[in-house]
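Asks: Let me give you the structure first, and then I'll get to my questions.
The values are calculated or read from the model by the stated rules, or taken from the named source; none is laboratory data. A quick note: this is a predicted structure, and the numbers were derived from the prediction, not measured. A quick note on method: Cβ atoms are made from the backbone with ideal geometry, for glycine too, and the neighbour counts reach across all protein chains shown. Just so you know, the surface numbers come from the protein's heavy atoms only, side chains and all, with ligands and any DNA or RNA stripped out. Shrake-Rupley method; radii C 1.70, N 1.55, O 1.52, S 1.80 Å.
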Amino acid sequence: MKFPGKRLFLENSSPLPLIESCKSIKQALQVHSQIIVNGLHRHIFSMSRLISFFALSGSKDGLNHSRLLFSQIDFPNLFIWNTMIRGYSRSDSPQEALVLYMSMIAEGVESPNNFTFPFLLNSCARLSSLEPGHEIHCHIIKNGYQSDLFIRNSLIHLYSVFGDLSHARVVFAGSFVRDLVSYNTMISGYAQDLPRAALCLFREMLDMDIQPDEFTFVALFSACSVLTDPKIGKQIHNLLYKNLSSIDSNILLKSAIIDMYAKCGLMKMAEQVFSAIRNSKSTAAWSSMVLGYARCGEIEIARHLFNKMAERDVVSWTAMISGYSQTGQYSEALELFVEMEDQGIKPDEVTMVAVLSACARLGALEFGKRLHHQYIENGSFDQNIILTTAIINMYAKCGSIDAALKIFHGIQENRKTSFLFNSIISGLAQHGLGETAIRFFREMVSAGVKLDEGSFVAVLCACSHSGLVEEGKKLFESMFDIYGIRPQMEHYGCMVDLLGRDGRLEDAYDLIQKMPFEANSVIWRALLGACRIHGNVKMGEIASQKLLEVEPDHGAHYVLLSNMLANSDQWDEARRVRKLMEDRHIQKPPGWSYIELNGTIHQFLASNKSHPQAKEIELMHKEMAARLKSAGYVPNTAQVVFDIDEEEKGTVVSYHSERLALAFGLVNCSPKDVIRIVKNLRICGDCHSAFKLLSEIYEREIVVRDTIRFHHFKTGSCSCMDFW
C-alpha cells in the first residue's frame, strides 16, 4: 500500500481516511510518520484515532507504541483514556488498565463514564485477586453508574469468574432491567458450582419472554455435565432445536453437546453428534470424546481417537493425560506429558493439576519437583489455590511433608481455603502426625475457614493413625452438635478404624450397629483388620461374613481373613479360605512397589526378576538377607499359608516387592538420599520389622507409603511406632 505525500494532507487537512484504511502496524507507523512530517501531531482527533488503532491492534508492539503516543499528549481526552484502558484490559498486562485509571483520577482532568468501567471490570476479572474489583465497584457507586445495564452485566461477570456467586446474585437481583447478557452471564456463573440454580434461572428467563441464544445453551449443557443427569441433558438438547436454527454448522454448540453426553457416560449419543459434524471437527469436540471414553474405562479407544487428531492443543493433551490418570495409568500419564513437552506444547493450570495428581499417586517426587520448579516457581502461572493445593498434595503424598508444610506456611492467611487446610491435614494424617494435624484443624476453626465433610475425614484419619482415641471421639461428636455436619460413611469408617486399632472392638461393632445406614465394605474391612491385629477371631468371622456379602469377589478380603486365622494358628481354617478363593476363581491383588530414580519410575512385582538390573538387585538382596541374619533377625512367616517348610516360607516373604525395590534403591541411590518406595498393598509385618533393622544396618532413611499411611524408617525404628 502506498500513501500519498504532503499534498493530500494539506488538501483534506486530516489524515483520518489514511488511519482508517490501515491494515497493519507497519502501515500505521507510516501514517504516523506522515503526520509528524506534516506537523499534524497536535491534531487531537487524529491522534486519538491513531492511538486507538495501535492500542486495539492485539499486538504487544502496537500497545507499547500507543502508550508512547499517549505519553506525548499533554491533556488526553476521555476517549483516549478509555481507549488505553480498553487496550490494556485485553492485553497480557490487565493490571496496567487499573494503573492508568488511577492516574486519570489523580490528575482530575477527566471523570470516568459508562464506557470506562466495563473495561476496568474486564481487567479485574483477569487478575489473581478480587480485591481490585471490589474497589472499582465502589467507584462505580460513587460515580452513580450502578444502574447502568452494561456495567451491571460486567459486575456479574467479574464476581462469577471469582466464584463469588452471592455477590453476583445480589447485583443480578438488583437490576431493574435484565437482558439476555444478564441471564447468560448469571447462568454461566451458576453452571459449574450450582447447576440446578442455573436451570431454575433459565426457566425464569423463559418466563420473562427472553429468548435464549447459543451461549445460553452452552452454559446449560455445562450445567448438565456437572449434574451428570442425561435426562435433563436430553430435554435441553430438544429445547435447543425448538429455539435455534442453523445448529448443524455451530461448532461451539456441537462441542458442548458432545461434552455433556460424554460426561454423562452416554458415549453412543456423543458419538452420534460427533459423527454428524460435517465440517472439520473442533479440537474441543475431539477432546470431549477422548476424555469421555477414558472416563468410561475405554482407554484404548480414547488413545485411538487422540492419535487420529489432525491438530492437538493443550486441551487435547490434557484430556488424554487426565484420562490416563483417572483410569489409574499414572506412568502413562507422565510419559504422555513428557511427549507433550517435546512437541513444544505449553501446559496450562488444568494440565499441571492432572500431572501433579499422577505424581502424587506414583510417589514420583523428583518428577513433581521438576514441575514445581520449572513451571510454577518461575512464574509461568498465577499460583491459584487449586494449583497450590495440588502442589501441597503432591509433596505430602510423595513423602516430603516438610516441603508441603513450607509451601502452606508461605501462603497468605486470607487465601487459605478449606481445600488447602484439608489437603495439609490429610497429608499430616498419612504421616502419622496426628497432634500436628489437630493443631492445624483448630487453626482452621480459629481463622473462620468453613469446615466441610472433608475436613473431618482428614482430622479423624489423623486421630486413627496416631491412636488419639479421646480426641477423635470428641471431634466426631462435635460434627453435628457444634458444626451441623451430619457424619457420613467415611466418618464412621474412621471411627471404626480408630476404636478397632485401640482394641475397643465391642465399641467399634456397637457403632456400626447404630449407624443410620448399612455399612459398606470399608467399614467391615476396618473392623476385620482390627480383629486380625488383636486376635479376635470370633468377631473377625462376623466382619468377614458381612464383608463377603457386600463384596464377594474381592480377593483382598479373603486374604485378610486367611491371615487373621493364620495368626491364630488356625491353619486348617486359613487353608479352607484360600481353597474357597481358588474354587471361586478369585485372584489376590498382585503386590507391586514403585521407586523413582532420576525422574524414571521403576516397578517391582513380588519374586519378579525381569528388571534390567536383576543381577545387581539379586546380589544386594542376598547381602541384605545375610546382614539381617547376622543382626539376629528371624522371618515372621505366620501369614504364609502354603504347605511348605519354614525356610521356604522365609524365602517367600523376603522376595516381597518392597524388598526388591529397596535392594534397587541401595544399589543406585546416593548414600545421602532418602529411599522412597510406594506399595499398592499394606506392608506386611515381616517387611516392617526387616526395614527397621535395615535402616540401622545401612544407616539409611527409608520411606514407604502403603495403602494406609507412611512409614519413615530411621536408625532402627519407624515413625508409626508400630501402631499400624
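Asks: Anything in region 371-380 that is open to solvent by 20 Å² or more (accessible area, probe 1.4 Å) and of a type outside the set (D, E, K, R)? List them, or say none. Explain how you work it out, then say what you get.
Replies: Narrowing region 371-380 to residues open to solvent by 20 Å² or more (accessible area, probe 1.4 Å): 373-375, 377-380.
Of everything in region 371-380, those that are open to solvent by 20 Å² or more (accessible area, probe 1.4 Å) and of a type outside the set (D, E, K, R) turn out to be His373, Gln374, Tyr375, Asn378, Gly379, Ser380.
Asks: Among the residues of region 683-703, is any among the aliphatic types (A, V, I, L, M), crowded, with 20+ Cβ neighbours inside 10 Å and part of a helix (DSSP H, G or I)? Step through it out loud before you land on a result.
Replies: Looking only at region 683-703, we keep the residues that are among the aliphatic types (A, V, I, L, M), and these are 683, 690, 693-694, 697, 702-703.
Retained after the next criterion (residues that are crowded, with 20+ Cβ neighbours inside 10 Å): 683, 690, 694, 702-703.
Filter once more, so that each one left must be part of a helix (DSSP H, G or I): 690, 694.
Yes - at least one qualifying residue is present in region 683-703.
Asks: Now a separate question. Return only the number of the condition from (1) open to solvent by less than 20 Å² (accessible area, probe 1.4 Å); (2) in a helix (DSSP H, G or I) that Glu271 does not satisfy.
Replies: (1)
Asks: So, of the residues in region 537-549 that are in contact with a helix residue (DSSP H, G or I) (Cβ under 7 Å, 6 or more places away or on another chain) and surrounded by fewer than 22 Cβ atoms within 10 Å (Cβ to Cβ), which turns out to be nearest to Asn567 (Cα to Cα)?
Replies: Within region 537-549, the subset in contact with a helix residue (DSSP H, G or I) (Cβ under 7 Å, 6 or more places away or on another chain) is 537, 539-540, 543-544, 546-548.
Next cut, surrounded by fewer than 22 Cβ atoms within 10 Å (Cβ to Cβ) only: 537, 539, 546, 548.
On the way: Val537: 10, Met539: 15, Lys546: 21, Leu548: 20 Å.
Among those residues, the one meeting the criterion is Val537.
Asks: So, of the residues in region 653-680 that are in a helix (DSSP H, G or I) and among the polar types (S, T, N, Q), which turns out to be nearest to His621 (Cα to Cα)? Spell out the reasoning first.
Replies: Start the filter on region 653-680 by keeping residues that are in a helix (DSSP H, G or I), which leaves 653-654, 657-668.
Checking the rest, the ones that are also among the polar types (S, T, N, Q) come to 654, 657, 668.
Values: Ser654: 9, Ser657: 11, Asn668: 13 Å.
Result: Ser654.
Asks: Then there's this: Looking only at region 595-639, which residues are open to solvent by 60 Å² or more (accessible area, probe 1.4 Å), out of contact with any Gly (no Cβ under 8 Å at 6 or more places or on another chain) and of a type in the set (A, V, I, L, M)?
Replies: Once the filter is applied, which keeps residues that are open to solvent by 60 Å² or more (accessible area, probe 1.4 Å), out of contact with any Gly (no Cβ under 8 Å at 6 or more places or on another chain) and of a type in the set (A, V, I, L, M), region 595-639 yields Leu619, Val634.
Asks: Testing Gly472 on (1) of a type outside the set (Phe, Trp, Tyr); (2) under 25 Å from the mean Cα position of the chain (by Cα); (3) crowded, with 21+ Cβ neighbours inside 10 Å, one condition comes back false. Which one is that?
Replies: Failing condition for Gly472: (2).
Asks: Search region 464-493 for residues that are free of Cβ contacts under 8 Å to residues at least 24 places away in the same chain and pair each with any residue that is assigned to a loop (DSSP other than H, G, I, E, B) and open to solvent by 90 Å² or more (accessible area, probe 1.4 Å) when their beta-carbon atoms are under 9 Å apart and the residues are at least 6 apart or on different chains.
Replies: Met479/Arg486; Phe480/Arg486; Arg486/Pro516
Asks: Among the residues of region 57-110, write down those that are more than 24 Å from Lys23 (Cβ to Cβ) and of a type in the set (Val, Ile, Thr).
Replies: Across region 57-110, the qualifying residues are Ile73, Ile85, Val99, Ile105, Val109.
Asks: Give the residues of region 89-105 that are outside any loop (DSSP other than H, G, I, E, B) and either within 18 Å of Ile140 (Cβ to Cβ) or open to solvent by less than 30 Å² (accessible area, probe 1.4 Å) (or both), sorted by residue number. Steps first, please.
Replies: Applying the first criterion (outside any loop (DSSP other than H, G, I, E, B)) to region 89-105 yields 89, 95-105.
Within region 89-105, Ser89, Ala97, Leu98, Leu100, Tyr101, Met102, Met104, Ile105 meet the criteria.
Asks: If you don't mind, another one. Could you list, in sequence order, the residues of region 332-365 that are more than 21 Å from Phe408 (Cβ to Cβ) and open to solvent by 30 Å² or more (accessible area, probe 1.4 Å)?
Replies: Correct list: Glu332, Glu335, Val338, Glu339, Glu341, Asp342, Gln343, Gly344, Ile345, Lys346, Asp348, Val350.
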